[in-house]
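Engineer: Structure incoming, see below.
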Amino acid sequence: MKVFISHKSTDAPIASIIHSEFKKHGVSAYLDLLDSFIGDGEMLTNHIKEQLNTCSDIIVVLSG
């Protein structure tokens, strides 16, 4: 199982905590932190699509 964690930039802190908790419990997860990506928009889109295709589950972090 691998979980894709989807979030808006404003929810990045809580998404990061969720990612850490998953890792602590042995659950593989992908968190898209844009500050670690170097490339253009098309490369970023392709990268995220590739990561999404490797995941079996998705969680959406959404605050009000």
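Engineer: Run through the chain and list the trypsin sites (Lys or Arg not before Pro) located in a DSSP loop whose Cβ has at most 12 other Cβ atoms within 10 Å.
Structural biologist: Answer in residue order: 8.
Engineer: Over the chain, how many pairs of lysines fall under 19 Å by alpha carbon, counting only those 8 or more apart in sequence or from different chains?
Structural biologist: Close lysine pairs found across the chain: 4.
Engineer: Continuing with the same structure: Relative to the present Cα-Cα distance, how much length would full extension add between residue 2 and residue 42 at 0.36 nm per residue of separation?
Structural biologist: Difference between extended and current length: 12.0 nm.
Engineer: Using only the alpha-carbon atoms, how far is helix 41-53 inclined from the longest principal axis of the chain? Give it as 0 to 90 degrees, nearest 10.
Structural biologist: 40
Engineer: For the stretch 16-23, just list the computed ³J(HN,Hα) in residue order, Karplus coefficients 6.51, -1.76 and 1.60, θ = phi - 60°, integers in Hz, with x standing in for Gly and Pro.
Structural biologist: Each residue of the stretch 16-23 in turn: 5, 5, 4, 4, 4, 5, 4, 4 Hz.
Engineer: Sum -39500 (n - 2.57) across every DSSP H segment of at least 4 residues in the chain, then divide by the residue count to get the 222 nm mean residue ellipticity, nearest 500.
Structural biologist: -13000 deg cm²/dmol
Engineer: While we're here: For the charge dipole of the chain, defined by +1 on Lys and Arg C-beta atoms and -1 on Asp and Glu C-beta atoms about the Cα centroid, which residue among 9, 43, 63 has the Cα displaced farthest towards the positive pole?
Structural biologist: 63
Engineer: Right, another one. Between residue 60 and residue 20, with labels modelled 7 Å along Cα→Cβ, what's the label distance in nm to one decimal, could you check?
Structural biologist: 2.6
Engineer: Further question on the same structure: When you take every Cα atom in the chain, what is the radius of gyration, and what is Dmax, the widest Cα pair distance, in Å?
Structural biologist: Spelled out, the Cα radius of gyration and Dmax of the chain are 11.8, 34 Å.
Computed from the coordinates by the stated procedures, all read-outs in this text should not be read as laboratory data. The shown structure was predicted, so the numbers you read here are calculated from the model rather than taken from an experiment. Cβ: placed from backbone, ideal geometry, glycine included. Neighbour counts: every protein chain shown.
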